[in-house]
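Reviewing the structure listed below.
The values are calculated or read from the model by the stated rules, or taken from the named source; none is laboratory data. Being a predicted model, the structure only gives us computed values, none of them experimental. All Cβ positions, glycine included, derive from the backbone under ideal geometry; neighbour counts span all protein chains shown.
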């Protein structure tokens, strides 16, 4: 019994020792994060650590975790982005820009010191937002007000803006995936003008359609008139032919003489 107690005691001691060693030597990089090992002796390890158990010697090492998944820069509601267009109108944009840390560059963010906390996020996230605002204000200002309602034109400018944005973000070791313009708002007066312009355009299309219908109707009326005239002319022609045939038949019938040469007498009945 004493032997069993000793075994149990040493088992508990060994288990606690392992827990202590784990706490002193090992850290767990959570799923969805990337780890960067910082040593007080050698500095930042030039390598990103994947999720899982990683060595961290207490007092010497620190494993810094940064998000490896897509983050979102949102310009919505009160934070919506206002842009002055090329034709000097102010447009308010509801935009989302998804971005993430570039592959195997998280350690460079730590080396630059941009891994520090900034409010609810990290300093590199604050820098990414600041850069995005600057690029969007500069590049989207090349659009005319009407271009924001032209899907093809808007998408083309968004693509070129994304390329420029990623050039600027490269120095911060992050990359944007897209620039998603979800909604566009104009000042009330311009909205009214725009609605009137769109209404006029629709009325112009409607007038054109009515004109085409009238032209087709005129062509149909002319065709019907020609058809009726041709039908009437042919009917009159056939009536004249029938009249001539009937007259010729009657004349031919009365002009037949008897073969005997005897005269035909018509007897009149007394009244």
Quickly run through the range 176-200 and pick out the residues that are modelled with pLDDT of 85 or more and over 21 Å from the mean Cα position of the chain (by Cα). 199, 200
In this structure, does residue 82 turn out to be loosely packed, with under 14 Cβ neighbours inside 10 Å, in contact with a strand residue (DSSP E or B) (Cβ under 7 Å, 6 or more places away or on another chain) and free of Cβ contacts under 8 Å to residues at least 24 places away in the same chain? yes
If residue 96 satisfies every condition in (1) under 20 Å from residue 78 (Cα atoms); (2) in contact with a helix residue (DSSP H, G or I) (Cβ under 9 Å, 6 or more places away or on another chain); (3) surrounded by fewer than 16 Cβ atoms within 10 Å (Cβ to Cβ) but one, which is the exception? (2)
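Give the residue, chosen from 130, 168, that is within 28 Å of residue 108 (Cα to Cα), touching a helix residue (DSSP H, G or I) at 6+ places or on another chain (Cβ under 9 Å), without any contact (Cβ under 8 Å) to a residue 40 or more places away in the chain and assigned by TED's automatic domain parsing to the domain that holds residue 91. Walk me through how you get there before you give the answer.
Numbers: 130 fails: touching a helix residue (DSSP H, G or I) at 6+ places or on another chain (Cβ under 9 Å).
Just one listed residue meets the conditions, 168.
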Residue under evaluation residue 36, criteria (1) assigned by TED's automatic domain parsing to the domain that holds residue 115; (2) under 24 Å from residue 175 (Cβ atoms), criterion not met: (1)
Can you tell me which condition residue 127 does not meet? The list is (1) within 30 Å of residue 49 (Cα to Cα); (2) in contact with a strand residue (DSSP E or B) (Cβ under 8 Å, 6 or more places away or on another chain), and all the others hold. (2)
When every residue in the range 25-54 that is exposed (fewer than 14 other Cβ atoms within 10 Å of the Cβ), farther than 16 Å from residue 110 by Cβ and within 38 Å of the chain's Cα centre (by Cα) is compared, the one modelled with the lowest pLDDT is 30
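Considering only the range 103-113, state which residues are touching a strand residue (DSSP E or B) at 6+ places or on another chain (Cβ under 9 Å) and over 16 Å from residue 33 (Cβ atoms). Break it down stepwise before answering.
Of the range 103-113, the ones touching a strand residue (DSSP E or B) at 6+ places or on another chain (Cβ under 9 Å) are 103-111.
Answer for the range 103-113, where residues must be touching a strand residue (DSSP E or B) at 6+ places or on another chain (Cβ under 9 Å) and over 16 Å from residue 33 (Cβ atoms): 108, 111.
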